[in-house]
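This report concerns only the one structure given below.
Since every read-out is calculated from the coordinates, none of them should be taken as a lab result. Everything numeric here is computed off the predicted structure, so don't read it as measured data. In this analysis, Cβ positions are derived from the backbone assuming ideal geometry, glycine residues included, and neighbour counts consider all displayed protein chains.
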Amino acid sequence: MHQAVRPVDASAVGLVEQAQDATAPPGLLFHHANEGRPLATPWQIAALRAQALREHDLANGFILDCACGSGIQLAAYAATLQRPVLGVELAPERAQASAVNVRSVAAHTRSMDEAWFLNSFVVCGDGTDAEGVLSSLGEGRFSVSFLHLDPARPRNSRTHALEEMQPPLHRVLEGWAPYLDDPALLLDLSPRLTSDQRDEVETIVDAVWPGVQRTWEWTSRGRGRVDRLALWLGRVADPSAARRFVRVPSSLADAPVVLTSAATPEAIEARHHPPQRGEHVSILDAALMESGLMTEWLRIAAPDDVGRWACVEGRRPQLHHDRPLRLDSGSRTLVQATGKVVELLKFPLDESTVDRLVETALEHRLGSVKLRYDLAPNLQPKLQGSLDRQLRRRHGDRQGFVAQHPHGEVLMLCVCPSPARETDSI
Ligand SMILES: C[S@@+](CC[C@H](N)C(=O)[O-])C[C@H]1O[C@@H](n2cnc3c(N)ncnc32)[C@H](O)[C@@H]1O
């Protein structure tokens with residue numbers, strides 16, 4: 001049984017959890033229910049997606065989110081595209097929170113009298129049952145222009161198997177296909193899906209719309225992590241890009257860094273080579289590596305410099321190269337550390353040897369050295385604290401870091417480029 005409510009008529013009575021999303025404008029508070037908060041899409045991501053959707057020419061009809069949770073993405077689509085939305089949510093309190101959140105966003109954007117708001121709905125019920133959902137809206141012929149799906153996944157699931165998604169992908173696609181003549185969909189999937197699982201998703205999509213246009217999108221908010229993995233389909237896919245990487249900036253005011261590629265990613269392999277003084281070492285963004293767009297990015301950041309990969313997996317992909325990287329302000333966010341090797345340290349770093357590193361750092365006029373390799377969690381803060389304290393009081397005016405060469409025990413002391421030179425090339 002499906003029950004529809006218009007956000008304009010929604011009541012917040014009974015909803016107790018209300019929170020400020022750290023990425024939303026101050027004062028725009030969202031309701032959550034049944035532990036919906038951790039499932040909710042961060043406002044900034046939701047808003048960026050909605051802005052990306054604005055670039056596409058959508059058919060008439062609802063913007064549908066058939067598992068809308070707290071309705072954050074739903075509300076972002078509604079306010080950005082100024083089009084009526086239709087949210088569907090199985091859990092009654094979450095459906096109620098969604099309707100209230102759409103209204104909060106309309107109030108925040110002073111749109112309470114706009115047609116898009118007055119004609120929006122949230123339905124409590126099964127989002128795979130298209131007929132049931134649409135018939136709950138009352139008389140009239142309703143159509144859908146775009147479908148968004150962000151299915152629930154069991155928390156702490158290790159496998160992230162496709163069968164664990166609720167609602168199941170194939171049932172959503174089969175249920176709504178008759179209402180999407182010209183498909184336009186965004187599937188918001190687990191960022192941990194393997195390449196085989198991505199193939200499985202494509203097989204499910206092809207069973208409904210064979211050969212439909214598609215663009216995979218990896219979104220990262222930094223810290224080297226892929227935060228979202230999405231598949232844009234049909235009318236909203238980029239015909240010139242099979243893959244896209246989006247690095248979300250820390251501020252809502254800045255534009256994201258977007259890289260695209262039509263090509264199948266080239267395999268990147270680590271090669272054994274001894275570290276050398278004078279070469280450059282860069283620790284790059286692990287999420288960019290995971291997206292398969294690293295090679296494209298390096299064509300711009302390190303032109304004519306093939307480089308040597310020392311490490312391609314884990315949190316700190318490490319590239320050795322002959323010339324400084326060429327970075328603009330956007331691509332700088334994809335570099336954890338970059339610099340020129342000035343010393344190879346052939347002793348293990350611990351509390352008894354940290355003073356030796358300080359001496360060497362001072363010989364190179366370093367006023368700060370960051371440890372950019374994995375150390376025991378109890379040792380890292382002690383060593384970093386000692387380095388910070390000892391170097392701060394001395395004469396160094398340059399910045400550096402220590403990276404570990406993956407083969408052998410050797411550590412590399414690197415000097416970062418000076419800020420004056422950093423504007424275009426470091
Ligand atoms: C990851 S959450 C969506 C979060 C949402 N994007 C937001 O911004 O708040 C997925 C939601 O799907 C709901 N769900 C699961 N099975 C469903 C079904 N068959 N029909 C409708 N909703 C369903 C869950 O209750 C959950 O709230």
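So here's what we get for this one:
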{"quantity": "Bins of 10 Å from zero: percent of alpha-carbon pairs in the stretch 122-257", "calculated": "11, 38, 33, 16, 2"}
{"quantity": "Peptide ranges 383-389, 107-113, 81-87, 367-373 listed from the most packed, as the mean C-beta count within 10 angstrom indicates", "calculated": "81-87, 367-373, 383-389, 107-113"}
{"quantity": "Cα principal axis extents for the stretch 302-414, largest first, Å", "calculated": "41, 29, 23"}
{"quantity": "Aspartates and glutamates with Cα under 14 Å of Lys382, excluding same-chain neighbours fewer than 8 positions away", "calculated": "Asp350, Glu351, Asp355, Asp374"}
{"quantity": "Global geometry of the chain, whether rounded, prolate or oblate, following the gyration tensor of its Cα atoms and the 1.5 cut on a/c", "calculated": "prolate"}
{"quantity": "Charged-residue dipole, Cβ positions (Lys, Arg, Asp, Glu), the chain about Cα centre, Debye nearest 20", "calculated": "1680"}
{"quantity": "Sorted peptide list for 4-10, 150-156, criterion being average Cβ within 10 angstrom, highest first", "calculated": "4-10, 150-156"}
{"quantity": "Among 335-345, 41-51, 243-253, the order from most to least packed when residues are scored by Cβ within 10 Å on average", "calculated": "41-51, 335-345, 243-253"}
{"quantity": "Fraction of beta bridges assigned by DSSP in the chain that are antiparallel (%, nearest 5)", "calculated": "65"}
{"quantity": "Shape call, the stretch 1-86: gyration tensor on alpha carbons, a/c limit 1.5", "calculated": "oblate"}
{"quantity": "DSSP H segments from the chain that extend 20 Å or more along their own axis, Cα-based, with Kyte-Doolittle mean of -0.5 or above", "calculated": "92-108"}
